[in-house]
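Q: Right, I'll just put the structure down here and ask away after.
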C-alpha cells in the first residue's frame, strides 16, 4: 500500500487486523519460549510451524497484490477475502490454543482459555459478518482478547 501510486481508501478493520496479527505473532513467539525444555521430535517441530505458516497466509490476504485493481478501495478487497482470511485465522488460533497440549503437559483448561474462546468466537463472527460495524467490532474484540489472554497467561500463570 505504501508503494501504490493510487490513492488508498483506508479501512479501519484492515488497519486493526494489521496490528492484531503483529501482536498475535509476537505473542506466539513469546509463548514458544515455554517449549524450550521439550525433547523435540520432527512431528512436533512440524506441528509448531503450522500456526506461523497459516498466519503468513492470513497476513498475505490483508492487502491486495495489485491495489489498482480495487481502485485503492481496501474495504472492497477485505470484503472479498474476509472468508478465507477468517477461516485460516480460525485454524491458526486452534493450532495455537492446543499447542501446549500437543507439545507439552499443559492442562486442558487454564486462565488463558477464556481469551482463546473469545478469539475463536470473534473469528466466526468475522467470517459471517459483512457489515463495516461488525468488522470493526471483531477487530477490537480480537485485540481485547489478545490482551486478556496475554495477561491471564503470563501474569497469572497456572
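Rule-based calculations on the coordinates, nothing more; no lab input. Small disclaimer: the values here were computed from a predicted structure and weren't measured. Reconstructed Cβ throughout: ideal geometry from the backbone, glycine too, with neighbour counts over all protein chains shown.
Q: With r as the distance between the Cβ atoms of residue 111 and residue 57 and R0 = 30 Å, compute the FRET efficiency 1/(1 + (r/R0)^6) and round to 0.05. Numbers along the way, then the final one.
A: Details: r = 29 Å, r/R0 = 0.98.
The calculated FRET efficiency here is 0.55.
Q: To continue, here is another question. Using only the alpha-carbon atoms, how far is helix 132-150 inclined from the longest principal axis of the chain? Give it as 0 to 90 degrees, nearest 10.
A: Tilt of helix 132-150: around 20 degrees.
Q: Okay, moving on. Pick from 102, 138, 124: which residue has the top mean-square fluctuation in a GNM of the chain where Cα pairs under 10 Å get a spring?
A: 102
Q: For the chain, what value does the Rg/Rh ratio take when both radii are computed over Cα atoms and Rh is the Kirkwood radius, given to two decimals?
A: On the way: Rg = 16.8 Å, Rh = 16.6 Å.
Taking Rg over the Kirkwood Rh, I get 1.01.
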